[in-house]
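Below: the structure, in structure tokens.
The values are calculated or read from the model by the stated rules, or taken from the named source; none is laboratory data. Since the model is a prediction, treat every value here as computed from it, not as a measurement. When we count neighbours, we look across all protein chains shown, and the Cβ atoms used for this are built from the backbone with ideal geometry, even at glycine.
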Amino acid sequence: MKNNILTKFTICSLLLSGVYANAQKTTLEVDAANTITKIQPTMFGLFFEDINFAADGGLYAEMIKNRSFEFDKPLMGWEQPNTKRSSLNKESGSATPIKLSENKTNSNFCRVEVNNAKGYSLINEGFRGMGVKKDSKYNLSLKAANQNGGIKKIIIQFIDKDQKVIGETSIVPKSDQWTNYTAQITANQTEAKAKLKLTFEGTGTIDLDMISLFPEDTWKNRKNGLRKDLVQLLYDMKPGFLRFPGGCIVEGRTLSDRYQWKKSVGNVEERKTMMNRWNVEFNHKLTPDYFQSFGLGYFEYFQLSEDIGAEPLPILSCGMACQYNTGELAPIDELDPYVQDALDLIEFANGAVTTTWGKMRSDMGHPKPFNLKYIGVGNEQWGPDYIDRYKVFEKAIKAKYPNIIIVSGSGPSPDGEHFDYAMEELKKLNAELVDEHYYKSPQWFRENAGRYDNYDRKGPKIFAGEYAAQSVSGANPNNRNNWECAFSEAAFMTGLERNAAVVHLTSYAPLMAHEDAWQWTPDMIWFNNLESYGSANYYVQQLFSTNKGTDLLSITKEGKPLTGQNNLYASAVKDADSKEIIIKLVNTATTPQDVNLDLKGAKLGSKGTIINLASSNVQDENTFADPKKISPKQSEYKITKGKQELTLPAYSVTVLKLKMI
């Protein structure tokens, strides 16, 4: 019996020793003495597209929907509470859209006839309501022509869902000629779904146009500016570039409704409203009230880029409508207006104030050039038609502006016939920067961390212009910003960083979405009318962008880069400015893993910093109720002599920052 117990004990001891032997720490070698390549300042940036109500109703802080009555249905967004549904109640009054001219950019106005001295009202519903905050101030402006002086006062009120007044001001319209009027309202309670009510006292006819409402507290306190909390989230990324205005919105469903930058600059009142292409794109989320006012236009995009310290990167139509829609083509011999738009844009951004478009920029308030360095030709077109048109643009741009870097496209997918054709042709043309897009499964991102390891270092540089892990499938409304998607993107991003010799720009897409008015998921930033938060994906992007360093270093296991062996991924950089070694480690395993870091060629101080982004549940995600459920946790790291030891939590992204002396 005793012998049997001893035998069993010996067997158990041998088994346990085998387990411990197999649980040895992973040792990674970091060569801090040799720079592989410089990290581009543009390595991690932002991609903005007006999808998911990201501009009107989002970043652009205008609170009135259809402010100048230019939607296809001119009174869309406006309610008439004194009017019966079946017919106009002539005893009270009426509101009628009037069209001045087909040729004017702002051709409509609203004629209000008031027949009852008790008053007549119009209510604007805002963008899925209006978010107002207690004690905050809101600036209203409108144009009015008070015919015969019959209307004595316009009472302007915030109302809540129960019609309760939660803020009030008034305007006295004194002139029968078009006149600008302003007023300010202070909200006396916080309400996410407020509306704006205009009540007309007196009897008679008054014409209205350009009814506008902005919070006083905007980004940099600019009048009629951008929503402060959303810009702050962008600023906190420390992005290297801002790509705008899209995306498929650049192309248009047809050429006539493509994005034309010249229609987005100058006087805001004179910018022509048009239907947003995402208005009816997806049957799962039709949004017939989605239009573009272009209050957020090219000048504002350039200004925003400057504000957040990002290189501006505009993308222009190449004369091809979206190939998923009509695929309409501008003939090669009719490309001149498209090419001229590109040349004029460079002049708008960089030209002297004595030039036509440089003067336009100066007149808008920015005499100094925006120092544009990049311009994109087309979004994600494919096939010979795109290559033919790219050649025309490339020749014209380089002839006049040889230092401008041109971004070309490889189509909508990271592989396949269209991708292979584009890459082959663009290499022949010595293209400078090729835009690649990939919306794939989390597994694809983990499996493709080595995608760029074998790319030709002498070939075109790469712009990973649109990517995001899809928890279900591409363009599926059930996609989630879950933790598995985020850490899988982090695993892939270590591969982007390790290949900084060929990858020069990268950006997640889409950037933001309105909680009540989105078309596409997942998205990096979510907002409603009052609040906003960064998804887990946002914090992954932020960790990489704010820790990109200046010099790429080698980090290997037994001489090989870590691209998923034992579910581990890694990249390493040096920051010559902060004098730090920065190591990014991603553990996609279900259990914690111990890592030894063997640093060569750097003298380290005594203290460092460790930042962890982790969650034990791969389905976890940030929400309005718990906006920082998955967010970075930072602590001090004590540097030891010899190898640095650390434990990587299961499903985690870890950034280790080691001070050099």
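Couple of notes before you dig in:
- Every residue from region 275-322 that is touching a Ser or Thr at 6+ places or on another chain (Cβ under 6 Å) and part of a loop (DSSP other than H, G, I, E, B): SER293, PHE294, GLY297, ALA321
- Residue match in region 459-479 (condition: of a type in the set (Phe, Trp, Tyr) and more than 29 Å from PHE370 (Cα to Cα)): no
- Within region 565-596, the residues that satisfy the criterion of being in contact (Cβ under 8 Å) with a residue 60 or more places away in the chain, hydrophobic (A, V, I, L, M, F, W, C) and over 12 Å from SER554 (Cα atoms) are LEU568, LEU585, VAL586, ALA589, VAL595.
- The numbered conditions (1) farther than 15 Å from PHE348 by Cα; (2) in contact with an Asp or Glu (Cβ under 9 Å, 6 or more places away or on another chain); (3) at pLDDT 95 or above are all true for ALA310 except (2).
- Scope region 204-230; condition closer than 21 Å to MET364 by Cβ and surrounded by 20 or more Cβ atoms within 10 Å (Cβ to Cβ); matching residues: SER212, PHE214, TRP219, GLY225, LEU226, ARG227
- The residues in region 243-286 that are surrounded by fewer than 16 Cβ atoms within 10 Å (Cβ to Cβ), polar (S, T, N, Q) and closer than 28 Å to GLY474 by Cβ can be counted, and the count is 3.
- Residue-level check: of (1) within 24 Å of ASN115 (Cα to Cα); (2) touching a Leu at 6+ places or on another chain (Cβ under 9 Å); (3) of a type in the set (Phe, Trp, Tyr), TRP178 misses just (2).
- One residue stands out among those in region 529-570 that are closer than 30 Å to ASP160 by Cβ and in contact with a Leu (Cβ under 9 Å, 6 or more places away or on another chain): the one that is surrounded by the most Cβ atoms within 10 Å (Cβ to Cβ), which is GLY534.
- Qualifying residue in region 135-153 (condition: closer than 22 Å to ALA117 by Cα, crowded, with 21+ Cβ neighbours inside 10 Å, of a type outside the set (Asp, Glu) and under 38 Å from the mean Cα position of the chain (by Cα)): yes
- Qualifying residues in region 469-499 (those that are in contact with a helix residue (DSSP H, G or I) (Cβ under 7 Å, 6 or more places away or on another chain) and not in a helix (DSSP H, G or I)) - the one farthest from ASN617 (Cα to Cα): PRO477
- Region 301-333, subset in contact (Cβ under 8 Å) with a residue 12 or more places away in the chain and on the phi > 0 side of the Ramachandran plot, residue farthest from the chain's Cα centre (by Cα): GLY319
- Qualifying residue in region 549-570 (condition: out of contact with any strand residue (DSSP E or B) (no Cβ under 9 Å at 6 or more places or on another chain) and outside any loop (DSSP other than H, G, I, E, B)): yes
Conditions tested, residue by residue: (1) outside any loop (DSSP other than H, G, I, E, B); (2) crowded, with 18+ Cβ neighbours inside 10 Å.
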residue: THR326; (1), (2): no, no
residue: PRO337; (1), (2): yes, no
residue: ALA349; (1), (2): yes, yes
residue: PRO367; (1), (2): no, no
residue: ASN379; (1), (2): no, yes
residue: ASP385; (1), (2): yes, no
residue: VAL392; (1), (2): yes, yes
residue: ASN403; (1), (2): no, no
residue: VAL407; (1), (2): yes, yes
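This table checks each residue for (1) outside the structural domain of MET524 (by TED's automatic domain parsing); (2) within 19 Å of the chain's Cα centre (by Cα); (3) surrounded by 24 or more Cβ atoms within 10 Å (Cβ to Cβ).
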| position | (1), (2), (3) |
| --- | --- |
| ILE462 | no, no, no |
| ALA475 | no, yes, no |
| ASN478 | no, no, no |
| ASN481 | no, yes, yes |
| CYS485 | no, yes, yes |
| GLU489 | no, yes, yes |
| PHE492 | no, no, yes |
| VAL503 | no, no, no |
| THR506 | no, yes, yes |
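- Taking (1) more than 30 Å from VAL339 (Cα to Cα); (2) in a strand (DSSP E or B) in turn, GLN232 satisfies each apart from (2).
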